[in-house]
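Read the figures in this text as sums done on the coordinates, not as results from a lab. Just so you know, these numbers come straight off a predicted model, no measurement behind them. Cβ: placed from backbone, ideal geometry, glycine included. Neighbour counts: every protein chain shown.
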Amino acid sequence: MYRPAILASCLWLSGTAALAETVRIQSQSDFLAIVQGKALTRLGIALEVTPDGRITGRAFGSPVSGAWVWKDGYFCRSLYHGERDLGDNCQMVELRGSRLRFTSDRGAGIHADLRLN
């Protein structure tokens with residue numbers, strides 16, 4: 001179920017103390033509402049996640065490519081960094097202000113925070 005008021009509030013309040021709250025993204029429609037038209041960035045990384053299931057961009061000077069689907073409440077992706085196959089992984093996604101946190105292994109692994117630009 002899409003909750004535009006919650007998501008809009010979180011994005012609007014970026015940088016304030018109110019953003020200390022983390023919101024788990026559990027549906028593909030919520031995820032797409034957040035990432036559509038935005039770049040996901042971090043030092044040396046700039047990615048785009050498209051509604052048609054593609055991941056494109058660059059990381060540390062090399063191309064990044066891949067595919068994604070939403071499955072059982074998780075962002076499931078296959079990813080390449082240059083020629084290196086980073087494999088398949090389903091990740092929990094959380095919104096915190098202007099950042100998305102992707103936590104590998106369905107939320108049990110390591111995480112990466114990417115800024116929405």
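Of note:
- Residues of the stretch 63-86 with an amide N closer than 13 Å to a point placed 7 Å from the Cα of Arg106 along the Cα-to-Cβ direction: 71-76.
- For GluC sites (Glu not before Pro), the sites in the stretch 48-117 that DSSP calls loop and that have at most 12 other Cβ atoms within 10 Å are Glu83.
- Extending 7 Å from Cα along the Cβ direction at Asp113 and again at Ser65 yields two label points whose distance is 3.2 nm.
- Loop-located chymotrypsin sites (Phe, Trp or Tyr not before Pro) across the stretch 16-96 with a Cβ neighbour count of 15 or fewer within 10 Å are Phe60, with loop assigned by DSSP.
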